[in-house]
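Notes follow once the structure below has been shown.
The values are calculated or read from the model by the stated rules, or taken from the named source; none is laboratory data. In this text the structure is predicted, and so the values were computed from the model without any measurement. A quick note on method: Cβ atoms are made from the backbone with ideal geometry, for glycine too, and the neighbour counts reach across all protein chains shown. Heavy atoms of the whole protein, side chains included, go into the accessibility calculation; ligands, DNA and RNA do not. Shrake-Rupley method; radii C 1.70, N 1.55, O 1.52, S 1.80 Å.
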Amino acid sequence: MQSSYLYLNDLRVHYLRWESADREFPVVLLHGLSSSARIWELVAPHLAEKGLSCYAPDERGHGFSDKPEDSAENYGFACVTSDLAAFLEVCQLDRPLLVGHSWGGMLALEYAARKHIGEREPRGIVLVDGGITQLDDRDGETWESLSGRLAPPRLEGMTVEAFMQMMRTETAAWQPNDAVFPILLADFEVDEEDKIRPRLTYERHMRILRAIWDFKAYTRFSQVRCPVLMVPARPPAPHSEFERNWVAAKERGVKLAQESMQDLQVAWMEDTIHDVPLQRPEELARLVADFAAKLV
């Protein structure tokens with residue numbers, strides 16, 4: 001794994017790269033909201049072993065990339081899609097396979113739905129529990145109710161020890177290996193007193209969440225011309241009403257996609273949390289590699 005920087009759209013962008021000796025074609029891995037390129041650390045090596053060179057940028061406001069001032073313009077889909085187009089151009093990535101998780105899946109869908117001519121047109125896209133449904137696809141849901149439910153916890157000032165204990169408690173059901181915890185901690189700065197601060201500020205998080213609320217995935221489905229692999233996650237025995245409604249919304253999204261997309265495959269991840277790249281990295285890598293093999 002190599003760590004590098006480049007400049008695009010007046011931003012200094014950090015990205016990770018896993019090179020393959022075979023270099024069949026590039027894969028661009030797009031992380032989700034309040035995450036970073038490091039969420040792909042357990043997936044990308046498996047893809048590189050299968051001849052796929054991988055590139056994973058930290059999106060604006062995230063990781064080690066620059067963090068423009070908070071505004072709807074700076075953190076809307078038009079801006080992050082422009083960043084992706086510039087990243088492909090600067091890195092000279094021809095006909096890439098785009099793999100997006102959560103918000104990154106929406107970004108991959110948005111990019112693929114736009115008209116592209118030539119080498120930067122995606123060869124295919126993989127939507128990993130993102131870009132499959134819409135946040136407003138629930139009866140009675142409003143921005144006010146959703147934003148209150150999905151607002152991030154205020155973790156600034158928490159000690160690393162307390163944070164790690166919280167993460168071990170929250171992830172106990174799926175018993176992650178030790179490699180997962182440094183990846184989770186990478187989303188935070190740690191000061192000299194061993195206290196954390198999110199790299200993505202609360203205000204920017206909410207700005208992006210609002211853009212996600214406004215994003216209409218269903219209207220993009222028919223505009224995508226390349227092959228698509230959807231990988232929705234179904235959690236084990238969803239108990240809360242929100243969880244049940246969320247799974248039902250994904251089922252509706254898959255059905256709509258099957259009716260309107262030209263070339264679609266669907267592979268449900270059963271008994272899996274939202275963070276598929278962390279819980280099921282080998283299975284996800286195998287799905288992506290098998291899908292990629294059909295695109296050569």
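Between Gln258 and Ser145, the FRET efficiency estimated from the beta carbon spacing at R0 = 25 angstrom works out to 0.30. For the chain, the Cβ-based charge dipole about the Cα centre amounts to some 800 debye (Lys, Arg positive; Asp, Glu negative; other atoms uncharged). For the stretch 148-241, the set of chymotrypsin sites (Phe, Trp or Tyr not before Pro) satisfying both a DSSP loop assignment and a count of at most 10 other C-beta atoms within 10 Å is empty.
In a GNM of the chain with a 10 Å cut-off on Cα contacts, which of Pro235, Pro153, Pro26 has the highest mean-square fluctuation? Maximum fluctuation in the GNM of the chain, among the listed residues, is at Pro153.
Overall, the anisotropy analysis places the stretch 78-166 in the oblate class: the square-rooted eigenvalues a ≥ b ≥ c of its C-alpha gyration tensor yield a/c not less than 1.5, with a/b not exceeding b/c. Could you work out the local net charge near Arg138, counting Lys and Arg as +1, Asp and Glu as -1, over the other residues with Cβ closer than 14 Å to its Cβ? Local net charge: -4.
Panel note: the C-alpha atoms of the chain, placed on their principal axes, show extents of 50, 44, 38 Å (largest first).
Per residue, the chain reaches -11000 deg cm²/dmol at 222 nm when only DSSP H runs of four or more residues are counted, each adding -39500 (n - 2.57). Across the chain, the relative contact order, built from alpha-carbon pairs under 8 Å that are at least six residues apart, equals 21 percent. Go through the stretch 130-180 and name the trypsin sites (Lys or Arg not before Pro) that are in a DSSP coil and have 14 or fewer other Cβ atoms within 10 Å of their Cβ. Those satisfying the criteria are Arg154.
So if we plug the beta-carbon distance of Val160 and Met1 into 1/(1 + (r/R0)^6) with R0 = 22 Å, what FRET efficiency do we get, rounded to 0.05? Working from the Cβ atoms, E equals 0.40. In this rough spin-label picture, where each label sits 7 Å from Cα along the Cβ direction, the Glu282-Glu24 distance is 2.0 nm. Shown for the chain: the carbon plus sulfur share of the solvent-accessible area, taken with all protein chains present and a 1.4 angstrom probe, equals 47%.
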